[in-house]
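See below for the structure under consideration.
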Amino acid sequence: MGEGAKVDKPNLYLVGFMGTGKTTLGRRLARELGFRFLDSDHEIEKRAGMKVAQIFEQMGEGAFRKMEREFIESGHPNSNCVVACGGGLVCRDDMPSLVRSKGVSVVLFSTAEEILQRVSGNKNRPLLNVPNPLERIRALMQERESFYLKAGIAILVDKALDATQARILRVYNSEVTLRAKSGNPR
Ligand code: S3P
């Protein structure tokens, strides 16, 4: 390998409920790893030419979920990326195993109250535009729990971002080492 040639390393997927910090942590981790940062919502918006809320309104949630699947299956590079996945992306069919098959997948968990604090005031989350968002968050979290638990390595989000970032990095590095030893890098 020539000097300066970039080694291909598996993608890091950040999964979890809205407002668990996937985007913020993803950007920071991408910087630290020297990876490209991708946000599934943002990539889908670029491709569709409209905001997530508009896609839900005009095409329905089913169409959006199909776009998420396409993005994971074939819409992004398969190495050297940190990918923040929309909160519902892994929550249907075989999506948990599909995401896991693409790289190292880490699932972020937070309490409903902390999530509400982080998402309040954001209008681009159509599922939480309801009179009682806390109730909705609790119901959705319960509905989705089994998917999240199948989607990767679970991590509890700490209030201190640095601590959570370091925890995710440790998980990523140890998974990469394990996989390299087993001869199956992804
Ligand atoms: C959704 C989460 C959102 C976005 C869409 C649906 C969900 O992404 O994909 O509003 O079903 O949980 P974030 O988790 O980035 O907010």
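The values are calculated or read from the model by the stated rules, or taken from the named source; none is laboratory data. Please read all numbers here as calculations on a predicted model, not as lab measurements. Keep in mind that these areas ignore ligands, DNA and RNA; they rest on the heavy atoms of the full protein, side chains included. Shrake-Rupley method; radii C 1.70, N 1.55, O 1.52, S 1.80 Å.
What are the DSSP H helices in the chain that stretch 24 Å or more along their long axis, judged by alpha-carbon atoms, and whose average Kyte-Doolittle hydropathy comes to at least -1.0?
Values: long enough: 133-150 (25 Å, -0.71); 161-182 (31 Å, -0.27).
Qualifying helices, which must be both long enough and hydrophobic enough, are 133-150, 161-182.
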Inset, instruction - Mind grabbing the base-10 log of I(q)/I(0) for segment 113-186 at q = 0.13, 0.14, 0.15, 0.22 Å⁻¹? Debye formula, identical points on the C-alpha positions, no solvent, two decimal places. - result: -0.59, -0.67, -0.73, -1.07
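Normalise the Cα radius of gyration of segment 51-107 by 2.2 N^0.38 Å (N = residues in it) and let me know the number. It would help to have the intermediate numbers written out before the result.
Details: Rg = 11.8 Å, N = 57, 2.2 N^0.38 = 10.2 Å.
Compared with the compact-globule rule of thumb, segment 51-107 sits at 1.15.
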Legend entry - Shape metrics for the chain, restricted to C-alpha atoms - Rg then Dmax, Å: 16.4, 59
Inset, instruction - From zero up to wherever the largest Cα-Cα distance of segment 74-122 sits, split into 10 Å bins and tell me the percent of pairs in each. - result: 18, 48, 26, 7
Inset, instruction - Quick one: pull the percentage of alpha-carbon pairs in segment 33-129 with a separation above 18 Å. - result: 50
Legend entry - Solvent accessible area, Å² - Asp94, 1.4 Å probe, full protein context: 70
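Any idea of the accessible area per residue across the chain, 1.4 Å probe, to the nearest Å²? Could you put the intermediate results ahead of the total?
On the way: 9700 Å² over 186 residues.
Value returned for the chain: 52 Å² of accessible area per residue.
Projected area of segment 17-67, taken from the Cα convex hull and averaged over every viewing direction, in nm²?
Values: hull surface 16.1 nm².
Over all viewing directions, segment 17-67 projects a mean Cα-hull area of 4.0 nm².
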